[in-house]
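Report on the following structure.
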Amino acid sequence: MSKSENKITSYAIIGFGKIGRALAKAFARNGIEVSVATTRNPESFSSEAAAIGPGIIPATLAEAVKADVIFLAVHFESHPDVARVLPNWQGKIIVDVTNAYGVPTEKLGGQPSAMVVAQAFNGGKLVKGFNHLIAAILEQDPAVHGGRRVVFLASDDGSAEAEIAALAENLGFAPIKLGGLSEGGLLVQARGKSWGQLIFKDLVKFD
């Protein structure tokens with residue numbers, strides 16, 4: 001786990017569908033502990049979590065949001081429900097793994113979907129990432145043919161993006177930074193019924 005000022009960073013995944021489980025497998029593969037939570041009672045998915053690995057900890061939503069870094073792996077429409085769990089997300093990094101495909105752009109106020117999510121998580125630092133691969137690919141070992149599978153990251157906060165890039169490296173991926181949410185980040189965001197140009201592109205980086 002990454003350390004800053006001798007403090008171990010804590011991680012949580014909100015949402016335990018296909019993408020949430022794929023992320024959990026990446027953590028388990030690398031022996032990094034992570035809490036997983038849904039709106040359901042943790043006991044209802046504890047056996048699924050245990051099957052992935054001993055470091056995958058079922059938690060309530062209230063417990064999970066205490067983590068320093070939170071992966072938002074829910075349907076885009078559900079992000080306000082998660083955001084309401086805390087009045088302020090100060091000091092936390094939110095990794096937006098949602099895809100707003102099919103959500104009318106006027107419903108987003110003409111903004112990129114990640115900007116809408118960022119505004120909902122008052123005080124938090126948002127990084128868009130890990131959302132461009134389908135679950136069946138994301139859950140695989142990212143070591144491929146001597147290279148590493150690419151994950152794209154975008155953020156308006158350089159320090160948060162750097163921290164998630166370091167975590168991505170620890171999980172075995174090759175992070176590529178795209179810049180701000182409304183700049184290169186548009187390449188990994190759906191708009192209306194069109195996908196960003198980098199979504200579904202399964203790329204491998206050779207060092």
To the nearest Å, what is the center-to-center distance of the stretch 44-92 and the stretch 139-207, using C-alpha atoms only? 21
The stretch 10-205: antiparallel bridges as % of DSSP beta bridges, rounded to 5, reads 25
Alpha carbons only, please: Rg and Dmax for the chain, in angstrom. 15.8, 45
Amide H neighbours of ASN99 under 5 Å, at least 5 residues apart or on other chains, H built in the peptide plane: list them. PHE76
Computed FRET efficiency, Cβ-Cβ of SER10 and LYS193, R0 30 Å: what is it to the nearest 0.05? 0.20
About the Cα centre, and with charges only on the beta carbon of Lys, Arg (+1) and Asp, Glu (-1), how big is the dipole of the chain? Nearest 20 debye, please. 260
Cα gyration tensor, the stretch 1-84 - rounded (a/c under 1.5), prolate or oblate: oblate
Step through the residues of the stretch 107-120 one at a time and calculate ³J(HN,Hα) from phi using the Karplus curve (6.51 cos²θ - 1.76 cosθ + 1.60, θ = phi - 60°), rounding each to whole Hz and writing x for Gly and Pro. 5, 8, x, x, 8, x, 4, 5, 5, 5, 5, 4, 5, 5
Name the long-range amide H neighbours of VAL151: under 5 Å, sequence gap of 5 or more, or other chain; modelled H, no Pro or chain starts. ALA174, ILE176
How large is the helix-only mean residue ellipticity at 222 nm for the chain, computed as the sum of -39500 (n - 2.57) over DSSP H runs with n ≥ 4, divided by its residue count, in deg cm²/dmol to the nearest 500? -6500 deg cm²/dmol
Whole-Hz ³J(HN,Hα) from phi, Karplus 6.51 cos²θ - 1.76 cosθ + 1.60, for the stretch 67-79, glycine and proline x: 5, 6, 10, 10, 8, 9, 10, 10, 4, 3, 5, 8, 4
Distance in nm between label sites at ALA166 and ARG84, each 7 Å beyond Cα in the beta-carbon direction? 3.6
Suppose R0 equals 45 Å; then what is the FRET efficiency for GLN111 and PHE206 from their Cβ-Cβ distance, rounded to the nearest 0.05? 0.80
Tell me which residues come under 5 Å, amide H to amide H, from LEU181 once H is placed; ignore anything under 5 positions away on its chain. SER155, ASP156
Would you mind calculating the relative contact order of the chain from Cα pairs under 8 angstrom and at least 6 residues apart, reporting the percent as a whole number? 19
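Coordinate-derived values only; no laboratory data. Just so you know, these numbers come straight off a predicted model, no measurement behind them. Neighbour counts run over all protein chains shown; Cβ positions are idealised from the backbone, glycine included.
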